[in-house]
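These notes are about the structure you will find just below.
Derivation of every value follows stated rules applied to the coordinates shown; laboratory data play no part. These numbers were taken from a predicted model, which means no experiment stands behind them. Every residue, glycine among them, receives a Cβ derived from its backbone with ideal geometry; neighbour counts consider all protein chains shown.
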Amino acid sequence: MLDIIKSFFGKIYDLLPDSPFQTFFADKMGPLSDMLGWINWFVPFDICFKITEVWTVGIAAYYLFMLIKKIVFDLIINKLLG
């Protein structure tokens, strides 16, 4: 049964293109695609993306912690006062 499901999803995966953006960038970029390596050397977009991702996860973790802290303290205060 698992082999059937695995082969089914494998065939569906094979129908998908390698990259949905590949044809878009091939049409729009033109001569700029040759210079992307040099541009990325001066402005390291991959590193900027990783730093932004870590920052976003940190901010989300902080807000999640503050929300959980507020809920827990509200429950404790309601039990003590109520």
Report task. Kyte-Doolittle cut-off -0.5, length cut-off 18 Å along the helix's own axis using Cα: show which whole DSSP H helices in the chain pass. Result -> 2-15, 45-81
Query raised in the report: In the range 29-79, which trypsin sites (Lys or Arg not before Pro) are in a loop and have at most 15 other Cβ atoms within 10 Å, using DSSP for the loop call?
Result: none
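Exactly which chymotrypsin sites (Phe, Trp or Tyr not before Pro) in the range 14-73 are in a DSSP loop and have at most 16 other Cβ atoms within 10 Å?
For chymotrypsin sites (Phe, Trp or Tyr not before Pro) across the range 14-73 that sit outside H, G, I, E and B with at most 16 neighbouring Cβ atoms in 10 Å, the list reads F21.
Kindly give Rg over Rh for the chain, based on alpha-carbon atoms, with the Kirkwood expression for the hydrodynamic radius.
In the chain, Rg relative to Rh is 1.31.
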**Report entry** Options I71, G10, F45, ranked by Cα towards positive dipole end of the chain, top entry (Cβ charges)
**Finding:** I71
Query - Point-to-point label distance, L80-C48, nm (Cα→Cβ direction, 7 Å offset) - result: 4.8
Query raised in the report: Applying 1/(1 + (r/R0)^6) with R0 = 30 Å to the Cβ-Cβ distance of W55 and F21, what FRET efficiency is obtained, to the nearest 0.05?
Result: 0.75
Report summary line: Quick calc, the chain, dipole around Cα centre from Cβ unit charges on Lys, Arg (+) and Asp, Glu (-), nearest 20 debye, gives 560
Query - Of every Cα-Cα pair in the range 1-42, the percent that sits beyond 11 Å - result: 73
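At 0.36 nm per residue, minus the direct Cα-Cα distance, what do F9 and K69 gain on full extension? Give it in nm, one decimal, please.
Numbers: separation 60, 0.36 × 60 = 21.60 nm, distance 4.22 nm.
Taking F9 through K69 to full extension adds about 17.4 nm, to one decimal.
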Query raised in the report: Using the Cα gyration tensor of the range 34-82, with a ≥ b ≥ c the square roots of its eigenvalues, what is the shape: rounded (a/c below 1.5), prolate (a/b larger than b/c) or oblate (neither)?
Result: prolate
